[in-house]
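The values are calculated or read from the model by the stated rules, or taken from the named source; none is laboratory data. This structure is a prediction, so every number in the text was calculated from the model and none was measured. Note that we place each Cβ from the backbone using ideal geometry, even for glycine, and neighbour counts take in every protein chain shown. Heavy atoms of the whole protein, side chains included, go into the accessibility calculation; ligands, DNA and RNA do not. Shrake-Rupley method; radii C 1.70, N 1.55, O 1.52, S 1.80 Å.
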Amino acid sequence: MADVKKIATRDSYGATLVELGRIDKNIVVLDADLAGSTKSGMFGKEFPDRFFNCGIAEQNMIGVAAGLATMGLIPFVSTFAMFAACRPYEQIRNSVGYPHLNVKICASHGGISVGADGASHQCCEDFALMRTIPKMLVMCPSDDIEARQMVKAVHKYDGPCYIRFARSATPVYHDENYKFEIGKGEVVVDGADVAIIATGIVLPEAVKAAEILNSKGISARVINMGTIKPLDEELVIKAAKECGKIVTVEEHTIFGGLGEAVCGVLSENFPVPVKRIGINDVFGFSADADELMKHFGLCADNIADTTENFVKN
Amino acid sequence: MTHEEKKELELFAVDMREDILRSTTAAGSGHPGGSLSATDYLAYLYNKEINVDPKNPKKTDRDRFVLSKGHAAPALYSVLARKGFFPVEDLINLRKKNCYLQGHPSINHTPGIDMSTGSLGQGISAACGMAKGSKVLGLNINVYALLGDGEMAEGEVWEAVAFAAHYKLENLCIAVDVNGLQIDGKTSDVMNSEPLDKRFEAFGCKVIRINGHNFDEIENAFKFFHENKKGTQPTVILMNTIKGKGVSFMENEVGWHGKAAKPAECEKAIAELEIARKNILGC
């Protein structure tokens, strides 16, 4: 995939916000002094009257967004995932989740691929935190095309949503014909020996891992799970029935994210062995994104090795 | 305000205090102390100041009220019921299973509630969002928020006050129920919040300090707000109040923050309110 175009999903977010802002005057955008990095600033540049920088005050930003939503406006709230999901968790729970307000929390710089900033900024807990809030949608796009469609889908949806975008430019995997639907996963590679379920920018790595596995005689199905909550249970159960073993891949702690969501569904419906690939009870550290992805087992080679061992044992 | 109007407000507030006591006693829990200190402000707000319609509680161009000190819900429920948002008889089911009167205000349960609150510090942020939103939408409405003085320790309050001043939310009227007590004791001992006037002024607000149990002063404070609306600064009304106001054995007693009166205590308190009622009526 070396010749494939690379785009950071945060850029996709910024561009789509501008596009939506032109057709819907009720969209307002908030940021907490990271508008240049989250790309919400693209909206701010074109629509300064509907863009509110809240300063470095994320808890208030969430509450302001909640108040704007009660007025019938559609607030998109952006900052880094660490400060969008972790710091104001309780504000999201009580001021957005409980009143079920139409606030779109769109975080950039999620996961370990944040890189050199180190563990303080590598948010690997956001899926887990957001999943616990009743009726909160939790999503993570795998590439530019999916990210754009996801932003448009949550714009149409009435209720609280959390989307995690990535800092790094990653391959554009999908083509323009791709149709994202909230709550629906996508089989991107078919296979029968094991199913690899991935969310976010690790998807292309999972696809490459399937190619490696294929060369070793292992037929791996690859599923793109853009929506972590509500999880596409049907697709997960079908994969368990047809493949017998499941591997989950996410740039997130193995606690409470995609892996445990999949385990939860399967243990209650069709128990099969599951291997969770993710950050295993440790903090990250400063390094290049690529080095970190490799270190934490999130590259194609690692995923293929882990899956091969899992299938054979 | 005429003498008669003031008398009506005083009687209305006595009725509210009776509702607060009866509903929390029936529930066996709740927060009478901070509800009683906020009663006179709410009585004035809903009778004289705020533009809301109980027949159309979601009307787009209504004023908004956020009870940031959400534990004073019994007082808010009383005033909403007495203004016709829902039946007064339902107040007795406060905090009970299947009742729409939750322990703290909930936007999706109760008519007339503009924001779910209860976790301190959060309501004022939502009020800022409403005030900002009304400007975006071109609505000419006022947004009122009531906070507690214990709540002043929440960092989010000051994030929100900075936002209100920065975005020139002159349509926002922040009231603080300064009753001087919080669960663990005197606010000055637990985490001092004074000098509140200087703190709010330093953040860029127009501040007035009043006796929160004097209707003339409350009226004057809202006049101050409407005068300020010609400018660009948010208004803050610091109301010196008495926790447990109106019930002799509750006044200034920290123990009544989050404890309901037992039935016999409730009757004793209501007997005092009856005397207050007669005094107002002059009989």
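Of these, A:Gly21, A:Gly41, A:Gly67, A:Gly72, which one is on the phi > 0 side of the Ramachandran plot and either touching a helix residue (DSSP H, G or I) at 6+ places or on another chain (Cβ under 7 Å) or in contact (Cβ under 8 Å) with a residue 24 or more places away in the chain (or both)?
A:Gly72
Please work out which residue is nearest to the other protein chains (Cβ to nearest Cβ), limiting yourself to region B:60-99 and to residues that are hydroxyl-bearing (Ser, Thr, Tyr) and not in a loop (DSSP other than H, G, I, E, B).
Selected residue: B:Tyr77.
List pairs: first residue in region B:73-91 and among the acidic types (Asp, Glu), second residue open to solvent by 20 Å² or more (accessible area, probe 1.4 Å) anywhere in the structure, Cβ distance under 8 angstrom, at least six positions apart or on different chains.
Listed pairs, sorted by first residue: B:Asp90/B:Tyr100.
If you check A:Ala192, A:Ala166, which single one turns out to be in contact (Cβ under 8 Å) with a residue 60 or more places away in the chain, in a loop (DSSP other than H, G, I, E, B) and among the aliphatic types (A, V, I, L, M)?
Going through A:Ala192, A:Ala166 in turn, just one is in contact (Cβ under 8 Å) with a residue 60 or more places away in the chain, in a loop (DSSP other than H, G, I, E, B) and among the aliphatic types (A, V, I, L, M): A:Ala166.
Return yes or no: is A:Tyr98 of a type outside the set (Val, Ile, Thr) and within 22 Å of A:Asp11 (Cα to Cα)?
The answer is no for A:Tyr98.
What is the one condition in (1) open to solvent by 10 Å² or more (accessible area, probe 1.4 Å); (2) closer than 20 Å to B:Asp63 by Cα; (3) touching a residue at least 60 places away in the same chain (Cβ under 8 Å) that B:Gly103 does not satisfy?
Looking at each condition in turn, B:Gly103 falls short on (2).
Take the residues in region A:50-80 that are open to solvent by 10 Å² or more (accessible area, probe 1.4 Å), assigned to a helix (DSSP H, G or I) and at the interface with chain B (Cβ under 7 Å from one of its Cβ atoms); name whichever of them is farthest from A:Leu30 (Cα to Cα).
A:Thr70
Would you check if A:Ile23 is open to solvent by 30 Å² or more (accessible area, probe 1.4 Å) and among the aliphatic types (A, V, I, L, M)?
yes
Could you tell me which of the residues B:Glu227, B:Glu274, B:Glu265 is closer than 30 Å to B:Ala164 by Cα and over 21 Å from the mean Cα position of the chain (by Cα)?
B:Glu227
Got a number for residues in region B:107-126 being surrounded by 24 or more Cβ atoms within 10 Å (Cβ to Cβ) and either touching a His at 6+ places or on another chain (Cβ under 8 Å) or more than 7 Å from chain A (Cβ to nearest Cβ) (or both)? Spell out how you get there, then give the answer.
First, the residues of region B:107-126 that are surrounded by 24 or more Cβ atoms within 10 Å (Cβ to Cβ): B:113-117, B:121-126.
Cutting the leftovers down to either touching a His at 6+ places or on another chain (Cβ under 8 Å) or more than 7 Å from chain A (Cβ to nearest Cβ) (or both) gives us B:113, B:116-117, B:121, B:123-124.
Counting residues in region B:107-126 that are surrounded by 24 or more Cβ atoms within 10 Å (Cβ to Cβ) and either touching a His at 6+ places or on another chain (Cβ under 8 Å) or more than 7 Å from chain A (Cβ to nearest Cβ) (or both) gives 6.
Checking the condition on the phi < 0 side of the Ramachandran plot, open to solvent by less than 10 Å² (accessible area, probe 1.4 Å) and touching a Phe, Trp or Tyr at 6+ places or on another chain (Cβ under 9 Å), which residue from B:Ala81, B:Ala73, B:Ala162, B:Ala175 passes? Lay out the reasoning, then the answer.
Working: B:Ala81 fails: touching a Phe, Trp or Tyr at 6+ places or on another chain (Cβ under 9 Å); B:Ala73 fails: touching a Phe, Trp or Tyr at 6+ places or on another chain (Cβ under 9 Å); B:Ala162 fails: open to solvent by less than 10 Å² (accessible area, probe 1.4 Å).
So the residue among B:Ala81, B:Ala73, B:Ala162, B:Ala175 that is on the phi < 0 side of the Ramachandran plot, open to solvent by less than 10 Å² (accessible area, probe 1.4 Å) and touching a Phe, Trp or Tyr at 6+ places or on another chain (Cβ under 9 Å) is B:Ala175.
Looking at (1) open to solvent by 10 Å² or more (accessible area, probe 1.4 Å); (2) more than 10 Å from chain B (Cβ to nearest Cβ), find the lone condition where A:Phe43 falls short.
(1)
Examine region A:239-261 for a residue that is more than 19 Å from the chain's Cα centre (by Cα) and open to solvent by 50 Å² or more (accessible area, probe 1.4 Å), and state whether such a residue exists.
Scanning region A:239-261, I find at least one residue that is more than 19 Å from the chain's Cα centre (by Cα) and open to solvent by 50 Å² or more (accessible area, probe 1.4 Å), so the answer is yes.
Which one of A:Ile92, A:Ile112 is more than 14 Å from every other protein chain (Cβ to nearest Cβ) and either open to solvent by less than 10 Å² (accessible area, probe 1.4 Å) or over 21 Å from the mean Cα position of the chain (by Cα) (or both)?
Result of the check over A:Ile92, A:Ile112: A:Ile112.
Consider A:Ala116 against the criteria (1) at pLDDT below 95; (2) in contact with a strand residue (DSSP E or B) (Cβ under 9 Å, 6 or more places away or on another chain): it satisfies all of them except one. Which criterion is unmet?
All conditions are met except number (2).
Given the criterion β-branched (Val, Ile, Thr), surrounded by fewer than 24 Cβ atoms within 10 Å (Cβ to Cβ) and outside any helix (DSSP H, G or I), identify the matching residue among A:Ile145, A:Ile133.
Only one candidate passes the filter, namely A:Ile133.
Cβ contacts < 9 Å: first residue modelled with pLDDT of 95 or more and part of a strand (DSSP E or B), restricted to region A:264-290; second residue crowded, with 19+ Cβ neighbours inside 10 Å and aromatic (Phe, Trp, Tyr), any location; separation 6+ or different chain. Result?
Partner pairs satisfying both residue conditions: A:Ile277/A:Phe296; A:Gly278/A:Phe296; A:Ile279/A:Phe296.
Just wondering, is there one or more residues in region A:272-281 that are out of contact with any helix residue (DSSP H, G or I) (no Cβ under 7 Å at 6 or more places or on another chain) and surrounded by 17 or more Cβ atoms within 10 Å (Cβ to Cβ)?
No - not one qualifying residue is present in region A:272-281.
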